[in-house]
């Protein structure tokens, strides 16, 4: 196996699985694109339910020795972003909540695809004294199937028109993401309480993610990820990353870079919508400006009329005063 290692430190078999994921995507796309919406929806939902089932079936694999270590059950809970996606995507897909489906597309496709490109669990799990799981291991196959489903289904859902994106809802999908991080933290607290995760010993150790638990990186990136994430961590205020403040440390990177990325991707489908909104905004601004100019012009006209009226009144008053005053000759005659 070591002979097949490449510069990235990953087995060449990794590329076989990656190609298989793309093959599955294109196979489903070309196989379903001419089918009815009902058939497309059914096929994608089956894929999601298979992933849901595998999330629990994996506990029967030899790698998950529940009989000797009950804490391994935590792997079937809301342990990280992809675990949450696996467990909630079937329900979001069946539901009518547009924001939930937006989250499936934006966050699910990103995290699922990242999991396939960077299969950290498969590459780092110790197996028979060696680092990394074998190509043929059931957990390796399950890992790629589940992570492929997390990005393939949302992308096909949009491609097939089963869900229509709206770029104006992106901020809601981002809020949904932070809600998921909150769910992961609550899940971890429960696992610590019932003993399925070793008690960190103190709140500080819990917040520092001692032991390298994933937690969806809600408490900050681990040491292995800090270097690759330098290009986004500069957006995190120093006060929020020394030490990392839970959830807040990724607020600006997610809102700014994540929001921009979601917007850019949405433009593939939403460019006409965005263009029309820009035209409407431009027209509204022009209309408002014209009204403002008209109001200013009307006010100036009104002020001018008032000024003329005041001047006329002043002239009339002056004339009346002149008429009422006695002439010099009359005064002398009286004497």
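What follows draws every value from the coordinates through simple rules; no lab data is involved. In this text, all values refer to a predicted model and were calculated from it rather than measured experimentally. No Cβ is skipped: glycine too gets one built from the backbone with ideal geometry, and neighbour counts run over all protein chains shown.
Taking 0.36 nm per residue of sequence separation and removing the Cα-Cα distance, the residue 202/residue 94 pair yields an extension gain of 34.8 nm. Using R₀ = 51 Å, calculate the FRET efficiency as 1/(1 + (r/R₀)^6) where r is the Cβ-Cβ separation of residue 130 and residue 33; round to 0.05. Calculated value: 0.75. The ranking of 137, 271 by Cβ neighbour count inside 10 Å, starting from the fewest, reads 271, 137.
The packing ranking of peptides 69-78, 234-243, 284-293, highest mean first, is 69-78, 234-243, 284-293, where packing means the average number of other beta carbon atoms within 10 angstrom of each residue.
With 10 angstrom as the radius, rank 266, 36 by how many other C-beta atoms surround their C-beta, starting from the fewest.
Values: 266 23, 36 9.
Ranked by crowding around the Cβ, least crowded first: 36, 266.
Fully extending the segment from residue 159 to residue 275 would add 39.7 nm, taking 0.36 nm per residue of separation and subtracting the current Cα-Cα distance.
Spin-label model, residue 141/residue 242: points 7 Å from Cα along the beta carbon direction are separated by 5.0 nm.
Let a ≥ b ≥ c be the square roots of the eigenvalues of the Cα gyration tensor of region 216-255; is it rounded (a/c under 1.5), or, if not, prolate (a/b larger than b/c) or oblate? Intermediate values should be presented prior to the final figure.
Numbers: a/c = 1.32, a/b = 1.14, b/c = 1.16.
In terms of gyration-tensor shape, rounded.
For the peptides 147-158, 50-61, the ranking by packing is 147-158, 50-61, with the highest mean count of neighbouring Cβ atoms within 10 Å listed first. Subtracting the Cα-Cα distance of residue 222 and residue 299 from their residue separation scaled by 0.36 nm leaves 21.3 nm.
For the pair residue 229 and residue 46, label points projected 7 Å from Cα toward Cβ lie 3.9 nm apart.
Computed on region 158-294, with alpha-carbon pairs under 8 angstrom and 6+ residues apart, the relative contact order is 28 percent. Quick one: P(r) of region 2-165 from all Cα-Cα pairs, 5 Å bins, percents rounded to integers, in order of increasing distance. Per 5 Å bin, starting at 0, the Cα pair percentages come out as 1, 8, 17, 20, 19, 14, 10, 6, 3, 1, 0.
Just order 107-116, 164-173, 122-131 by mean Cβ neighbour count inside 10 Å, highest at the front, would you? List each step's numbers first, then the result.
On the way: 107-116: 21.6, 164-173: 17.2, 122-131: 13.0.
Peptide ranking by packing, descending: 107-116, 164-173, 122-131.
Oblate is the label for region 75-119, because a/c, from the alpha-carbon gyration tensor with a ≥ b ≥ c as root eigenvalues, is 1.5 or above and a/b does not exceed b/c.
Residue 168 to residue 68: FRET efficiency via 1/(1 + (r/R0)^6), r the Cβ-Cβ distance, R0 45 Å, to the nearest 0.05?
Numbers: r = 52 Å, r/R0 = 1.15.
In this case the efficiency is close to 0.30.
Each of residue 190 and residue 114 was given a label point 7 Å from its Cα along the Cα-to-Cβ line. The distance between the two points is 2.4 nm.
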